[in-house]
1. List the residue pairs whose Cβ atoms are under 6 Å apart, where the first residue sits in segment 90-101 and is free of Cβ contacts under 8 Å to residues at least 60 places away in the same chain, the second is not in a helix (DSSP H, G or I), and the two are 6 or more positions apart or on different chains.
2. So, in segment 1-18, of the ones that are in a loop (DSSP other than H, G, I, E, B) and under 20 Å from the mean Cα position of the chain (by Cα), which residue ends up surrounded by the most Cβ atoms within 10 Å (Cβ to Cβ)?
3. Step by step: first the residues of segment 78-93, then only those that are more than 14 Å from residue 43 (Cβ to Cβ) and surrounded by fewer than 17 Cβ atoms within 10 Å (Cβ to Cβ), then the one that is modelled with the lowest pLDDT. Which residue is that?
4. If you scan segment 132-153, which residues turn out to be touching a helix residue (DSSP H, G or I) at 6+ places or on another chain (Cβ under 6 Å) and closer than 15 Å to residue 21 by Cβ?
5. Under the condition of being within 14 Å of residue 40 (Cβ to Cβ) and buried (at least 17 other Cβ atoms within 10 Å of the Cβ), which residue from segment 67-77 is nearest to the chain's Cα centre (by Cα)?
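The values are calculated or read from the model by the stated rules, or taken from the named source; none is laboratory data. This structure is a prediction, so every number in the text was calculated from the model and none was measured. Cβ coordinates were reconstructed from backbone atoms using ideal geometry, including for glycine residues, and neighbour counts include every protein chain displayed.
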């Protein structure tokens, strides 16, 4: 097939994919990533291919290189291509829209889940103007593949594929729980959230089981469906218009009325 129409964009990302993980660099070449991602773009635009039942036209978006990496680490190129394509088309199609609507929906749900599960931590972070869109975008977009080490990520993904990819949102909350005391004791928690600690799959999975049990059923239902069902984003009032939508989203919608009023007053004073 050769290079696709977005080959240059793909190459701009592939050279830095998990470049600090020596095991990955040893087993997966940049050419393997380039071939897989270009093949994905070609097949997505080829109406004569019917390998994938729920296939919509999808082009390459930032983050796909990181999503493809674990598949190539554990499978042959052909198997990785089919598994990656099935993952995108069937499991998380809304994550790869040009607007990344599913990613932004996941960020919104992360805030709602954290507010429900740990209102103290949630309130402290919001008091520091920290919402999921400011500290968890990469973790949501890549299903935690942006956080090393890859060996721990593969264990998390095994668990995620067994029980549902929606669990990634709870994986992120579990990671926050593991550094909860540090966050609450820090005057600048944003510094701790810039780079999350290395993944510890066993501890994250243990916490995730407990998190699932304590989520309200209606919120858990939205979590399960958000990566493929646009009605979840619509119900939450999410209408992104560009990939940079998170910069413009009003994160105050999930705050109590008195906090929204206080923020409005503060904004008014700043303008004056």
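1. Filtered contacts from segment 90-101: 96/58; 96/61.
2. First, the residues of segment 1-18 that are in a loop (DSSP other than H, G, I, E, B): 1-6, 15-18.
Now drop any that are not under 20 Å from the mean Cα position of the chain (by Cα), which leaves 16-18.
Details: 16: 11, 17: 20, 18: 22.
Filtering first and then ranking leaves 18.
3. Applying the filter and picking the extreme gives 90.
4. Of everything in segment 132-153, those that are touching a helix residue (DSSP H, G or I) at 6+ places or on another chain (Cβ under 6 Å) and closer than 15 Å to residue 21 by Cβ turn out to be 142, 144, 145, 146, 150, 152.
5. Residues of segment 67-77 that are within 14 Å of residue 40 (Cβ to Cβ), as a first pass: 67-69, 71-72, 77.
Filter once more, so that each one left must be buried (at least 17 other Cβ atoms within 10 Å of the Cβ): 67-69, 71-72.
On the way: 67: 10, 68: 14, 69: 15, 71: 17, 72: 19 Å.
Residue satisfying both the conditions and the ranking: 67.
One line per residue, one yes/no per condition, for (1) more than 24 Å from residue 70 (Cβ to Cβ); (2) at pLDDT 95 or above; (3) crowded, with 17+ Cβ neighbours inside 10 Å; (4) out of contact with any helix residue (DSSP H, G or I) (no Cβ under 8 Å at 6 or more places or on another chain):
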residue	(1), (2), (3), (4)
190	yes, yes, no, no
195	no, no, no, yes
217	yes, yes, no, yes
220	yes, yes, yes, no
238	yes, no, yes, no
